[in-house]
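Read the figures in this text as sums done on the coordinates, not as results from a lab. Please read all numbers here as calculations on a predicted model, not as lab measurements. When we count neighbours, we look across all protein chains shown, and the Cβ atoms used for this are built from the backbone with ideal geometry, even at glycine.
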Amino acid sequence: MARLQEIDYGTPKRETDKTVTLTIDGQSVEVPEGTSIMRAAAEVGQQVPKLCATDMLDSWGSCRMCLVEVEGVRGTPASCTTPARDGMVVRTQTQRLEKIRRGVMELYISDHPLDCLTCSANGDCELQDTAGEVGLRDVRYGFGGEKHFGEAAEAKDTSNPYFSFDPEKCIVCSRCVRACEQVQGTFALTIDGRGFDSKVSAGTAADDFFGSECVSCGACVQACPTATLTEKTVEAHGTPNRTVLTTCAYCGVGCSFKAEMQGDQVVRMTPYKDGGANEGHSCVKGRFAWGYASHKDRITTPMVRDRITDPWRKVDWDEAIQFAADRFKAIQEKHGRASIGGITSSRCTNEEVYVVQKMIRAAFGNNNVDTCARVCHSPTGYGLKTTLGTSAGTQNFKSVEKADVILVIGANPTDGHPVFASRMKKRLRQGAKLIVADPRRIDLVRTPHVEASQHLQLRPGTNVALMNALAHVVVTEDLVDEAFVAERCDSEEFGRWRAFVAEERNAPEALSESIGVAAETIRAAARLYATGGNAAIYYGLGVTEHSQGSTMVMAMANLAMATGNFGREGVGVNPLRGQNNVQGSCDMGSFPHELPGYRHVSDDAVRGAFEADWGVTLSNEPGRRIPNMFADAIDGGFRGMFVQGEDIAQSDPNTRHVTAALEALECLVVQDLFLNETAAFAHVFLPGTSFLEKDGTFTNAERRINRVRPVMPPKSGLSESEAVCRLARAMGYPMTYDHPSRIMDEIARLTPTFAGVSFERLDREGSLQWPVTEKAPNGTPTMHIGGFVRGKGRFMITEYVPTQERANRSFPLILTTGRILSQYNVGAQTRRTENSRWHEADRLEIHPFDAEERGIADGEMVSIQSRMGAITLQAEISERMPQGVVYTTFHHPSSGANVITTEYSDWATNCPEYKVTAVQVARSNRPSEWQLEHEEVRRTHYRRSMEPAE
């Protein structure tokens with residue numbers, strides 16, 4: 001008797017311990033109760049023909065191809081929708097069934113163009129395969145070139161930049177519509193008409209796909225069994241003939257993809273169904289926006305120049321490396337060992353980041369290393385390590401499927417982390433409750449079939465006040481999980497915290513005016529979170545990029561501990577990391593006070609282990625953070641910097657201050673794909689590699705270590721890690737690895753949480769979530785089961801301290817910033833793809849009242865003035881905004897959003913306060929003074945650089 005195993009066919013198994021036994025084509029099979037006949041048949045080797053069924057979607061039963069005969073049952077039921085029952089006797093292959101299937105297939109083909117030999121899906125078409133499977137050889141009803149027997153065929157829709165829709169080839173199986181609903185949760189597609197007149201439509205109000213609600217996630221394209229929905233790259237290059245499994249290099253979800261190739265040409269990126277983070281889903285960036293890797297702006301040859309106003313000079317790798325090393329050594333000889341340092345990248349692999357921090361510590365001889373996480377998630381590291389004992393999220397993404405209440409605060413998952421957002425929306429459609437805390441009315445507040453139970457539209461900068469008010473309700477209304485706290489937390493610290501939040505100054509009624517949310521609304525949200533079952537918190541940069549970012553992270557941990565929401569699926573405190581390897585860059589020791597694994601440089605035992613392995617004495621003094629590097633560069637104490645894959649001139653706050661610091665450097669080395677804003681101030685440019693050329697690992701927001709595999713050799717001729725090793729050797733420190741796997745072996749040897757990680761295991765098992773240790777050899781999907789990493793959970797007092805950045809008569813509005821779906825971070829990658837068709841420029845969202853008060857019409861240019869400077873953007877009048885708050889993105893360098901952000905930062909980590917800037921907005925048709933200056937800098941420092949001198 002066969003036993004059901006995990007297979008990729010038909011309706012997924014239901015989670016149940018009860019089994020049933022049935023007979024299929026004479027073979028007995030035991031399957032879990034609720035399993036479809038189709039899936040059970042596949043287990044005994046009988047592949048029932050199908051067209052509308054697929055693993056990713058619920059059973060539909062419309063194509064009439066998967067019919068079977070069941071003893072005692074009249075007719076021929078669909079095997080995809082009929083559950084197996086105990087004692088059932090099923091036949092999947094009979095003359096009667098064969099005749100029915102051929103007849104049904106003949107009707108499909110009669111209404112389908114017979115152009116298989118010239119079709120882009122030839123050899124990759126389920127309709128073609130199924131026709132052969134059922135033995136169809138002739139069609140009695142001719143297509144005649146026009147669909148529906150003479151009716152005028154609909155025109156092919158090519159409006160979407162990445163895929164086309166050819167209604168002539170559509171068999172109306174509804175797979176695309178169901179994928180849009182069930183996988184993506186956008187509900188952008190529908191079936192119009194009835195019977196023979198049925199057709200797929202991109203919504204009811206749109207003329208085409210581009211103008212519809214479609215978010216171009218690709219789920220419909222992937223689900224389509226014909227060439228109706230086809231990637232334009234497939235139309236251009238043909239069907240792929242080889243595959244490389246790799247990991248997306250965009251956000252912190254860390255989706256697994258199959259890079260499908262023809263030779264060295266990438267034809268398409270297909271989401272991998274066994275990818276632990278995405279399970280076969282994708283978004284517009286990962287699925288389609290990979291063309292930047294071969295963009296004409298790519299710099300693939302090293303370049304040097306003596307002064308930043310000189311033209312670039314192309315050189316070979318040896319000369320570029322020696323030029324940088326000589327300058328760095330000269331600076332240290334003149335200004336001391338601590339006068340140089342570097343910044344690692346959250347877009348590079350763990351292995352590439354590791355060698356940079358090692359170069360700085362071992363070759364530069366100091367701890368002047370920091371990472372872009374400084375300006376995004378450093379409060380996450382500080383807050384979670386302080387309260388729980390480890391600097392990372394507590395769950396895996398799949399855990400949200402067990403959540404009953406979801407609190408989303410300071411995050412916009414549908415734009416920033418869309419694959420996770422789709423998983424979350426699916427759970428919400430199943431009945432979980434949602435609380436959204438955000439000044440802006442993000443999509444999750446109200447989206448098809450999802451509506452938040454509470455939208456706490458708080459004022460920017462009042463996160464801690466809100467969290468204290470929620471905690472006050474939990475404590476004063478006896479909603480604390482006393483047993484959990486008694487068992488798992490420090491009782492003395494809990495007692496102090498309980499007394500603190502119970503004070504009347506923390507009551508919703510006392511804080512309501514400051515927060516901008518009604519006291520009863522806050523109380524209702526607190527009760528729902530504390531009593532609604534499994535409660536999970538998901539947060540983003542709207543939490544961390546504040547002067548009280550670290551305080552806020554600790555406040556969320558306090559609330560989750562008080563209500564017992566740790567240590568199982570469906571709960572926890574979960575940061576949604578912005579870039580693909582923010583978690584990994586922190587894990588690898590990119591902070592100036594910590595070695596890999598978050599261990600302080602002053603710990604003699606830890607430092608001794610690295611010294612013994614690296615063969616060099618290491619400094620026990622923490623180095624400079626990024627803000628200190630900038631300040632000391634202007635003051636003259638810091639003179640040289642290595643920047644790996646980060647555009648700090650665009651991404652860091654107070655742009656004038658940053659560029660002044662960069663101009664003051666005697667040697668700036670930039671390792672990147674493009675001549676970005678930072679490279680305008682560089683003396684050495686070392687070409688980087690795209691993710692399609694990388695060999696290594698990324699670590700996503702759920703601590704999942706995924707392999708990144710190259711589909712082509714580095715276009716520059718050298719990997720990034722080897723370029724860094726060569727620079728270290730030129731500086732006098734021997735650093736050599738014959739393969740990136742050796743770097744991971746060293747990481748595992750020296751970092752306890754990575755002890756069981758290796759390329760060999762990742763290649764064999766797919767992915768691992770750290771910690772991977774002797775106690776947890778298979779990784780740790782859920783943290784803090786049975787106890788916290790630090791032992792007893794630590795409750796921290798979280799006083800609400802209003803930001804120093806205040807609105808007044810001169811600056812009456814508060815500016816906050818965020819992202820948009822189609823663009824990523826500073827836009828270096830996405831701006832060089834067709835994604836820019838959705839977002840050609842950064843805009844300022846402003847409430848209608850605030851716009852009317854200033855005489856601003858939609859689409860007009862406006863000046864945004866802060867205490868730091870001014871920029872000019874196009875206004876977009878939006879009901880998403882509350883009165884008194886405006887919003888913009890930061891994807892385009894010409895916008896200069898960070899010209900006006902302040903230097904206020906988190907008290908513990910110096911994470912900038914991007915989310916609270918007092919501004920005034922007024923009509924203006926002139927570029928700002930900074931924008932004019934920026935064009936001049938580009939002309940003298942950058943544009944001349946685009947045509948390097950020989």
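For this structure, a couple of remarks:
- Above-threshold pairs, the threshold being 19 Å between Cα atoms, out of LYS156/LYS232; LYS18/LYS426; LYS169/LYS232: LYS18/LYS426
- Distance in nm between pseudo-label sites at ARG749 and THR531 (7 Å out along the Cβ direction from Cα): 5.8
- The stretch 15-90 and the stretch 751-824 have their alpha-carbon centroids 43 Å apart.
- Calculated FRET value between ARG242 and ILE191, using beta carbons and R₀ = 35 Å, to 0.05: 0.45
- Table column - 3J(HN,Hα) (Hz), the stretch 426-433, Karplus curve with 6.51, -1.76, 1.60, x for Gly and Pro: 4, 5, 5, 5, 7, x, 5, 9
- Estimated FRET transfer efficiency (SER198, SER294; beta-carbon r; R0 45 Å; 0.05): 0.65
- Rounded to the nearest 10 degrees, the inclination of helix 463-476 to the longest alpha-carbon principal axis of the chain is 70 degrees.
- Projected label points at ARG137 and GLN430, each 7 Å from Cα along the beta carbon direction, are separated by 4.9 nanometres.
- Spatial separation of Cα centroids for the stretch 91-134 and the stretch 160-180, in angstrom: 18
- With the simple spin-label model, which puts each label point 7 Å out from Cα in the Cβ direction, the GLN262 to ALA502 separation comes to 7.2 nm.
- C-alpha center-to-center spacing [the stretch 838-911, the stretch 573-607] in angstrom: 33
- Theoretical FRET efficiency, 1/(1+(r/R0)^6), r = Cβ-Cβ of THR118 and GLU71, R0 51 Å, to 0.05: 0.65
- Theoretical gain in end-to-end length, LYS775 to GLU106 [0.36 nm per residue, Cα-Cα removed]: 234.9 nm
- Its relative contact order, with pairs defined as Cα atoms under 8 Å and 6+ residues apart, puts the chain at 13 percent.
- Once the chain from GLN47 to THR158 is taken as fully extended at 0.36 nm per residue, the excess over their C-alpha distance is 36.5 nm.
- Applying 0.36 nm per residue to the separation of GLU852 and ARG313 and subtracting their alpha-carbon distance, the gain on full extension is 188.8 nm.
- Three-way shape label, the stretch 378-575, alpha-carbon gyration tensor, a/c 1.5: rounded
- Reported label for calculated percent of Cα pairs over 55 Å apart given (1) 31; (2) 15; (3) 28: (2)
- Sorted peptide list for 725-735, 634-644, 387-397, 193-203, criterion being average Cβ within 10 angstrom, highest first: 387-397, 634-644, 725-735, 193-203
- Cleavage-rule hits (trypsin sites (Lys or Arg not before Pro)) in the stretch 222-278: DSSP loop, at most 16 neighbouring Cβ within 10 angstrom: LYS273
- In order through the stretch 375-382: 3J(HN,Hα) via Karplus (6.51 cos²θ - 1.76 cosθ + 1.60), integer Hz, x for Gly, Pro: 9, 9, 10, 4, x, 4, x, 5
- Highest-first arrangement of 305-317, 509-521, 809-821, 51-63, where packing means the average Cβ count within 10 Å: 51-63, 809-821, 509-521, 305-317
- Sorted peptide list for 703-710, 292-299, criterion being average Cβ within 10 angstrom, highest first: 703-710, 292-299
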